[in-house]
Amino acid sequence: MSSRSASGIEPSTQPDLAARFDDHLRSSRLLPERTEITVALSGGLDSIVLLDLLVNLSRQWGWRLSAAHFDHRMREESGADAEWVRRLCDGLSIPTVVGRAPVVPAGEAEARELRYRFLYQAREELDSTWLATAHQADDQAETVLFRMLRGSGLVGLSGIPHNRAPSIVRPLLPFWRAELEAYADSRKLEYLTDPSNLDLRITRNRIRHELIPAIEAGGEPDIRRQLVRLSDLARRASSVVGQITDRAAEALVLEAAEHRIVVARTGFLAYDTSVRAHLLRAFVARVGPLPDRVGTRIALEFISTCSSGRSIDLAGGVTVRREYDRVVVERRTDTLPALDESLELEELRSGERDVTISGVRWRVRWWLGAPKGDRSSDEYFACFDLSEFQSPLSVRSWRPGDRIRLNAGTRKLKKVFADARIGRSERCSYPLLVDRWGVLWIVGLLRGVRATGHGDKEVLSVSIRRAR
């Protein structure tokens, strides 16, 4: 890599991009205040601009920043790049973890897998809640066109999501590469350039440097914006299809139990083949991992033609079996992970459902407004300002890496449990109320700072007790 001369990252004097970036984070609620963020820092233009923007906003947002850099070992100078990134972060007093591939990856796909495996581990090591990557609008356009050429469906055409569970956020997606370049020039930022980005043997590089410019020169100067618009339309359409599919699927369910669902075969076959594919994936999603395109096609053909009593195995231990006019979709118990149930509070207005945590059945009730009437002695209760959490809410058991925000700052639950002298074998028995930002409530132990009194604000009340 070669570098451009620069003076480093200092408080911004160019408010345009920084102000729009700030507005984007506030309107999208992509990142909360007073949280910990690890930046995936390659050292290139995009990640350096992302780091600069986050540094400039960190004081007013109350963020604690860190960085992670992965050396793929695919170029001779990659070790020097890693040292450059380390020195940059040291100069900014930003904690940094640098990783190195154990072997040289065989290709882009393997490199990506190794990189993300390292980034997740680095986020944990740096004690961060979020992992921020520097994908931007041009990346989105190129990804959508790449997937179009591969014949992707709606989900694929949705492109790069703004966030991905459990921790990845992409704050730069609304902004174009030219904007980042102008910002870097105005700030005199130093960044590294990767010569492999010019290698036209790589399909994505041919799309970036040849195909899109040729389309623009041929009379479609807005092709990049149209591709990004297509991703937005595909994402919305995919969401609508999902909602319609869920309603149609529910009408076909005859029985539903843990890791097993029974479906009316005649009603299922009454739908068009393309609709059946969506329905089948909705059923399988309830019990196990989704099948790929080939697995979906094989399962559909099996359901249409097989005789009663026959079965077929899909990936992830899922079995599809025909029993007369019923189709049973279930997951073998020997393939199930040692996880408890997760109950999502889908309708925030009110509801009451049970969930099993560490073998204990809990009754969960929720409603809008303050508590009403007396509560039983075995009932745990909390309420939350509606503006203080990000849906969806769910009740589940503890998982390594979970964090809760307290008055003194964000803490890992394992530290909270250790301070309370609660052993590891007991920790999973505590139900947790969580949202997209983290843990709101350790039921029976501790409420986070986002729990509130019922006061004058509109609140969501939640009560949890052991089911009788």
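The values are calculated or read from the model by the stated rules, or taken from the named source; none is laboratory data. The model shown is predicted, which means the values in this text are computed figures rather than measured ones. Note that each Cβ is placed from the backbone with ideal geometry, even for glycine, and that neighbours are counted across all protein chains shown. Quick note on the areas: whole protein, heavy atoms, side chains included, nothing else; ligands and nucleic acids left out. Shrake-Rupley method; radii C 1.70, N 1.55, O 1.52, S 1.80 Å.
Data table
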read-out	value
Among residues of segment 288-329, those that are open to solvent by less than 20 Å² (accessible area, probe 1.4 Å), part of a loop (DSSP other than H, G, I, E, B), in contact with a helix residue (DSSP H, G or I) (Cβ under 7 Å, 6 or more places away or on another chain) and not small (Gly, Ala, Ser), counted	1
Number of the exception - Glu83 against (1) within 19 Å of Thr193 (Cβ to Cβ); (2) under 25 Å from the mean Cα position of the chain (by Cα); (3) without any contact (Cβ under 8 Å) to a residue 40 or more places away in the chain	(2)
In segment 398-413, the residues that are touching a Lys or Arg at 6+ places or on another chain (Cβ under 8 Å) and assigned to a loop (DSSP other than H, G, I, E, B)	Trp398, Pro400, Gly401, Asp402
Pairs, first more than 18 Å from Arg177 (Cα to Cα) in segment 216-243, second open to solvent by less than 90 Å² (accessible area, probe 1.4 Å) and of a type in the set (Ser, Thr, Tyr), C-beta under 6 Å, six or more apart	Ala234/Ser158; Arg235/Ser158; Ser238/Ser158
All positions within segment 213-250 that are among the small types (Gly, Ala, Ser) and within 30 Å of Gly359 (Cα to Cα)	Ala249
Residue among Val355, Val416, Val395, Val364 that alone is closer than 19 Å to Leu433 by Cα, β-branched (Val, Ile, Thr), assigned to a helix (DSSP H, G or I) and at pLDDT 85 or above	Val416
So Leu145, is it open to solvent by 10 Å² or more (accessible area, probe 1.4 Å), hydrophobic (A, V, I, L, M, F, W, C) and modelled with pLDDT under 90	no
Matching residues, segment 77-127, being among the charged types (D, E, K, R), surrounded by 17 or more Cβ atoms within 10 Å (Cβ to Cβ) and in a loop (DSSP other than H, G, I, E, B)	Asp127
Unmet requirement for Ser196, which otherwise passes all of (1) closer than 25 Å to Ser78 by Cα; (2) assigned to a loop (DSSP other than H, G, I, E, B); (3) in contact (Cβ under 8 Å) with a residue 12 or more places away in the chain; (4) of a type outside the set (A, V, I, L, M, F, W, C)	(2)
Qualifying residue in segment 241-259 (condition: under 19 Å from Val284 (Cβ atoms), of a type outside the set (A, V, I, L, M) and touching a Gly at 6+ places or on another chain (Cβ under 8 Å))	yes
Test: residue in segment 45-56 that is open to solvent by 20 Å² or more (accessible area, probe 1.4 Å) and assigned to a loop (DSSP other than H, G, I, E, B)	no
Candidates Thr203, Thr245 - the one that is among the polar types (S, T, N, Q) and either open to solvent by 50 Å² or more (accessible area, probe 1.4 Å) or over 24 Å from the mean Cα position of the chain (by Cα) (or both)	Thr203
Single residue of Ala285, Ala277, Ala257, Ala251 found to be open to solvent by less than 80 Å² (accessible area, probe 1.4 Å), aliphatic (A, V, I, L, M) and touching a residue at least 12 places away in the same chain (Cβ under 8 Å)	Ala277
